[in-house]
1. Out of the DSSP beta bridges found with both residues in the chain, what percent are antiparallel (nearest 5)?
2. What list do you get for 96, 286 if you sort them by fewest beta carbons within 10 Å?
3. Using a 10 angstrom cutoff on alpha carbons, build the Gaussian network for the chain and name the most mobile of 247, 331, 237.
4. What FRET efficiency, computed as 1/(1 + (r/R0)^6) with R0 = 30 Å and r the Cβ-Cβ distance, is obtained for residue 110 and residue 182, rounded to the nearest 0.05?
5. So if the hydrodynamic radius of the stretch 177-294 is defined as the Kirkwood radius over C-alpha pairs, what does Stokes-Einstein give as its diffusion coefficient at 25 °C and 0.890 mPa s, in µm² per second?
6. Just for the Cα atoms in the stretch 9-164, what are the lengths along the principal axes, largest first, rounded to whole Å?
7. In which sequence would 343, 307, 132 go, from the one with the fewest C-beta neighbours within 10 Å to the one with the most?
8. Provide the packing ranking of 99-110, 166-177, i.e. peptides ordered by the mean count of other C-beta atoms within 10 Å per residue, highest first.
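Values quoted throughout were computed directly from the atomic coordinates according to the rules given, and no laboratory measurement underlies them. Since the model is a prediction, treat every value here as computed from it, not as a measurement. Here the Cβ positions follow ideal geometry from the backbone for every residue, glycine too, while neighbour counts run over all protein chains shown.
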């Protein structure tokens, strides 16, 4: 689980921003969404241009140099904060794997250029590299031979290099290292229909229709739409060598995506990723309900909440979702003025299950 993330001098985050997912409160309700002391389901609120989208990009910057997964490099233009205060951005990730702490820190000049990198496991620094001085070390057992060749001007991440080029000994430290790498490999960020962009988890441009048909989930997709008030008779087929989803009508059949509304097509995109989320580690969905009505937004959140052992965070402006029936006060985050805090941190009042969080929010109870 990702317990804590911080970033500084990246895009709109001039000062250090800390996103803490590892300090849940002691609420007795909805305890199932806290696992190993970490929040696993959360919703991020904030006004337009406060940095919600940039928060997702910041968290997922890690996949741009540690994996070969899909990257939205165009979204990383204007990488550094415009203040010019520093010539690099700083990132820190603190993970918990089976009670073992992993801290990964790095600095970058831009999305492609690492400046410094450090990985520690249980307070022992096991990988370090300074890309300015071209020197560093690796201390994982089984990687000693790499130290002789590590001094070079290759821009590749040393963590990635060690993972790809060494046969590590079978010990606890190396197993935790592999868990860290596997977690990053299975991170997923995706956007709503307007861009269909995504980062991490898989490679290449994916076709939503083919993904649903090939997974054998057309009937499940039809039931998903039905549960949200959208009634179609669907079936998968092949047209001109490509998999399609067709709607059956009394007089004719037609391609689903040619008649579906914007909101329904957005639901198809969500469903495409939803059927894969069980295999994800960390999911971030920006403006997940941009095309949804309230009941649909709530239903989608309930579906996400039911996915176990996966951290899933969404951004929205929909305060109707701010309810203890759905999550709890330490799972609703507000991003404002380069700070992100839970609503439970933003009030001196002891929040209980019966409190109307939306009403309190609109009344300014969580304004610092």
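1. 80 percent
2. Lowest to highest Cβ neighbour count: 96, 286.
3. Maximum among the listed residues: 237.
4. Computed FRET efficiency for residue 110 and residue 182: 0.65.
5. Here the translational diffusion coefficient equals 159 µm²/s.
6. Computed over the Cα atoms, the extents are 54, 39, 28 Å.
7. By the 10 Å Cβ count, ascending, the order reads 132, 307, 343.
8. Output ranking for 99-110, 166-177: 99-110, 166-177.
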